[in-house]
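FYI, it's all coordinate maths here, none of it is from the lab. All values derive from a computational prediction rather than experimental measurement. Neighbour counts are summed over all protein chains in view; Cβ atoms, including those assigned to glycine, are modelled from backbone coordinates with ideal geometry.
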């Protein structure tokens, strides 16, 4: 299980831009026609941890209870992670009295190599090695970078996977601080697994699962089965959790489709077996394997 959380570390690259305009104008540009940010309606407390930073100091969420916290899971070999570090450094500088960025490294390098990297990039916030247990507490971290935003009460209000526009982070942070955010709208949402997979049982829809042919009663029964049955791909999650965590998983996709078909009384054709794939293709993200660290 310790190696499993590394099996699906994928750098999901999104375009990032930053305009040097007033914050609300930049936000309006970044969010297109309807600038909106969203926070969890009833946020859960952040899983606590006690780590030691690269410079030997203790580190925990409790150390910064009165501040907004940005927990950033990253790796030195991750291109998108490297790309966003200067923006995180700038945010820490700009809001140092009310914000604390924390870097949690998911890396196979030795600590001296990571220290050298931290110095080279001028990282001005605490950095510690994320243990396998900690990564699982935060949902397995299937993509890098992954950032969790905590309010001043230490509750997780949002989660972001992949490289994001730094304006998004800044607007969210300013909103949590009670600072002006211009014409940006703030909405709330129910966490149905987007932040913590344990809340997948609240979901009424799942990625890649078509419930349109079911009656309301059958839909309830299907969702119950999705949350009661485990996926066999190796993730050790329920079918519902796996669909949220990895929408490319053919195992959970086929299993949920069979459940829907059974309830609807229709036949179901499974996906092609893995053996039909060319031998030269990369391992499926749904299959436990030990990945090679990307080369620079």
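You can think of it this way: the chain between residue 112 and residue 230 has 38.4 nm of extra reach, that is 0.36 nm per residue less the Cα-Cα gap. Pairs of Cα atoms nearer than 8 Å and 6+ residues apart set the relative contact order; for segment 126-175 it is 24 percent.
Based on Cα contacts under 8 Å between residues 6+ apart, segment 197-276 shows a relative contact order of 31 percent. Calculated on the Cα set of segment 143-265, radius of gyration then Dmax: 17.5, 55 Å. Hydrodynamic radius of segment 197-276 by the Kirkwood approach over all distinct alpha-carbon pairs: 12.7 Å. A crude spin-label estimate for the pair residue 198 and residue 247, with each label 7 Å from Cα along the Cβ direction, gives 2.5 nm. The modelled label-to-label distance between residue 185 and residue 42, using points 7 Å beyond Cα along the C-beta direction, is 2.5 nm. Quick one: work out the % antiparallel among DSSP beta bridges in segment 55-202, nearest 5. Antiparallel bridges: around 50 percent, rounded to the nearest 5.
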